[in-house]
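The values are calculated or read from the model by the stated rules, or taken from the named source; none is laboratory data. Predicted, not measured: the structure shown is a model, and the values here were computed from it. For neighbour counting, all protein chains shown are included, and Cβ atoms are generated from backbone atoms with ideal geometry for every residue, glycine included. With ligands, DNA and RNA removed, areas are computed over all heavy atoms of the protein, side chains included. Shrake-Rupley method; radii C 1.70, N 1.55, O 1.52, S 1.80 Å.
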Amino acid sequence: MARKKYQNLDPAATISSLTDVIRWQKERMGKKKDQSYRIGQAECKQQEFLRSNKNETTLTWIGHSTFLLQIAGLTIVTDPVWAKKMGFSPRLEEPGIALEEMPSIDVILLSHAHYDHLHVPSLKKLKGSPTVLVPEGFGRKMQKIIPGKIVHELPWWGYVKIDSVEFHFVPAQHWTRRTLSDTNSSHWGGWVIKRSEAALAEGMQENDAIYFAGDSGYFQGFREVGERFPDITYALMPIGAYEPEWFMGTQHVTPEEAVQAFLDVDAKIFIPMHYGAFHLADDTTEEALNRLLAEWDQKKLPSDRLQLLQHGETLVHARTKTTSDRNLSQHVYL
């Protein structure tokens, strides 16, 4: 039986041709760029706190698209990649937290099956017995990779509830392939992580929803995500691997497009990702960051809505009470 092939909401957003790939490779041979800029490692890392935390919502950037997230007592890893190199290119900077220092994991989220988002040796070394949530079409493959684990395969707009947390799989504009014969045989997307309505209705719990955008070109789906989930607090958005734009445009947002996607989603806090760990395209870490900051200033957005994490840095979402007992959020860095 032929495998189902997946596509984007915009049917014109297809993968590049071999001719385009050859043109890009010829172009990049003539480019000489300074790759020395580094994001850096967090000065104070909180591995012990993260291993014991069961109450606070936390976001820790491991690197690239790998985050350690904690919400409602669950510990989550997105797109697990602790690889020392990607293809022939060595990792630019060490992961923010070493695999052996990670806490036990409850849930693993996969945005798509590209190698820079799924490193099988990393996946297998994570502690705990996590439930694994994957895009439609990749469930059987994941069960072979980690036999015995609970695997849920979700279509766009599908969701799974684990304890008091909902995990919604949402569209992205991208593609996927791990071998020469499996192009687009599984889907791609992002994840919205939110407390269930029942949990929010119980009283003191605050809406601290997280949107992990995965990998995506700019498309109309960002606005729909914002419409369906109107209370997103944190948007984890890619900003790297966009050059040359004529080649990467349908699959990777530029920093400027990432800002617009953040505004479309209408989240409160922007946390950039998908830069600084691997040299995947022709842009540099410094270029991506400078363009992001320039666009932020150009749009006159409040500086406290953009949070630039270093590798291994932990952001804690805490709740405070005012005299009127209204819950407010504050962000504490550890």
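Points worth noting:
- Computed over protein heavy atoms with a 1.4 Å probe, the accessible surface of segment 152-223 works out to 37 Å² per residue.
- Computed over the chain: relative contact order in percent, which uses C-alpha pairs under 8 Å that are six or more apart: 19 percent
- Counted charge near residue 115, where neighbours are those whose Cβ lies closer than 14 Å (Asp, Glu -1; Lys, Arg +1): +2
- Segment residue 120-residue 157, extension gain: residue separation times 0.36 nm, minus the distance between their alpha carbons: 10.7 nm
- Seen from residue 192, the other residues with C-beta closer than 9 Å to its C-beta sum to a net charge of +1, counting Lys and Arg as +1 and Asp and Glu as -1.
- Largest-first ellipsoid semi-axes for the chain, taking √(5λ) over the Cα gyration tensor eigenvalues, angstrom: 29, 24, 20
- Å² per residue, accessible surface of segment 1-144 at 1.4 Å: 52 Å²
- Förster radius 25 Å - calculated FRET efficiency between residue 85 and residue 29, Cβ distance, rounded to 0.05: 0.75
- Over 28 Å (Cα to Cα) - which of 32/84; 5/125; 85/144 fall in this group: 5/125
- Near residue 181: Cβ cut-off under 13 Å, other residues only, Lys/Arg at +1 and Asp/Glu at -1. The net charge is +4.
- Accessible surface of the chain, 1.4 Å probe, proportion on carbon and sulfur as whole %: 50 percent
- Protection proxy ranking for 102-113, 302-313, using the average of other Cβ atoms within 10 Å per residue and placing the highest first: 102-113, 302-313.
- Calculated FRET value between residue 245 and residue 127, using beta carbons and R₀ = 45 Å, to 0.05: 0.65
- Extension gain (nm, one decimal) between residue 104 and residue 4, 0.36 nm per residue minus Cα-Cα: 32.5 nm
- For residue 273, residues with placed amide H under 5 Å, excluding near neighbours: 237, 239
- About the centre of its Cα atoms, the chain shows a dipole size close to 1080 debye [charges on the beta carbon of Lys, Arg (+1) and Asp, Glu (-1) only; nearest 20 debye].
- Part-to-part distance (alpha-carbon centres) for segment 76-144 and segment 13-53, which is given in Å: 16 Å
- Distance (nanometres) between label positions extended 7 Å along Cα→Cβ at residue 179 and residue 16: 2.5 nm
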